[in-house]
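What follows draws every value from the coordinates through simple rules; no lab data is involved. Small disclaimer: the values here were computed from a predicted structure and weren't measured. Here the Cβ positions follow ideal geometry from the backbone for every residue, glycine too, while neighbour counts run over all protein chains shown.
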Amino acid sequence: MTEEEKQAASSEGKEVVEISASQMSFTNRIANFDKLIELLKSIREYTPNESDLTVTALTT
């Protein structure tokens, strides 16, 4: 919805509600990172060379 459409709807007395689909809030980022870690746990072939990227390191 453009800014002009928002203003027109608002002037008509309509409530303008927008829902963000980016999922970039801090809480959503943590939840998505937890899902990524769970996915990595399920992949037996996941053996990174960097110690910071192991499942154990990612969960601490």
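Side notes on the structure shown:
- For the chain, modelled as a GNM whose springs connect Cα atoms under 10 angstrom apart, the maximal fluctuation among S11, S42, S25 occurs at S11.
- Label point at L58 placed 7 Å out along Cα→Cβ; residues across region 9-49 whose backbone nitrogen lies under 15 Å: 29-49
- Structure-derived Rg and Dmax of the Cα atoms in Å - corresponding label in (1) 13.7, 44; (2) 20.8, 60; (3) 21.4, 66: (2)
- Rounded to the nearest 20 debye, dipole of the chain from Cβ charges on Lys, Arg, Asp, Glu: 360
- With at most 13 neighbouring Cβ atoms within 10 Å, loop trypsin sites (Lys or Arg not before Pro) (DSSP) excluded, longest segment of the chain: 15-43
- Selection from A57, G13, N32 lying farthest towards where the dipole of the chain points positive, charges on Cβ: A57
- Low-density loop positions, GluC sites (Glu not before Pro), region 2-60 - DSSP coil, at most 10 other Cβ in 10 Å: E12, E15, E18, E45, E50
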